[in-house]
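What follows is a short report on a single structure.
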Amino acid sequence: MSYTPGDILNYIYENKLDSDFVFALMNHVQNFSIGEITDKKIEKRGDEFYLTSKSYSIDVRLTDDEILTAAMNGLYISAFISRKEDKYHIHFLVHQYPESMKSRFEEEITKEVIHYMIHGTVIALRLDTPEKVNEYIKRDKA
């Protein structure tokens, strides 16, 4: 049977495996990790926007239209860094909440961040069956 990433996410949530999944993720299972860049700043310099992080020594110009539009409109944007073996990638998640109201929507944002990290892991590691998810979290039965 063929499963979509949405099917796999439903399997994870319906079987209450999200905590086990995040635990495996934090332990770099299959030499993969993804984490939120919590000290990120999105700064405007002239007509351009930049992502900066002192913790990760990042200072990159944003070029993606969706991210630029969100930044120009003041929406809250989460940034992530993932690593698979020796390859690093930066990811973004645009939230529907204004940056200025982040504190009022902290719980919703946290849920979206965790969901994004699980989803990103499912895709990056091609966890496309319940068996692969169970193997990833070292769970024998669903």
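For region 1-16, the candidate set comprises residues that are in contact with a helix residue (DSSP H, G or I) (Cβ under 7 Å, 6 or more places away or on another chain) and farther than 15 Å from Ala124 by Cα; within that set, the residue that is most open to solvent (accessible area, probe 1.4 Å) is Tyr11.
Scoring Phe32 on the criteria (1) open to solvent by 50 Å² or more (accessible area, probe 1.4 Å); (2) touching a Leu at 6+ places or on another chain (Cβ under 7 Å) leaves a single failure, condition (1). Of all residues in region 85-104 being touching a residue at least 24 places away in the same chain (Cβ under 8 Å) and touching a Phe, Trp or Tyr at 6+ places or on another chain (Cβ under 6 Å), which is farthest from Tyr136 (Cα to Cα)? Ranking the candidates gives Glu99 first. Which members of region 39-86 meet the condition of being open to solvent by 70 Å² or more (accessible area, probe 1.4 Å) and of a type in the set (Asp, Glu)? Across region 39-86, the qualifying residues are Asp47, Glu48, Asp59, Asp64, Asp65, Glu66, Glu85, Asp86. Within region 1-41, if we keep just the residues that are at pLDDT below 95 and aliphatic (A, V, I, L, M), the residue that is farthest from Glu131 (Cα to Cα) turns out to be Ile34.
The values are calculated or read from the model by the stated rules, or taken from the named source; none is laboratory data. Because the structure is a prediction, the values reported are computed rather than measured. No Cβ is skipped: glycine too gets one built from the backbone with ideal geometry, and neighbour counts run over all protein chains shown. The accessibility values were calculated without ligands, DNA or RNA, using every heavy atom of the protein model including side chains. Shrake-Rupley method; radii C 1.70, N 1.55, O 1.52, S 1.80 Å.
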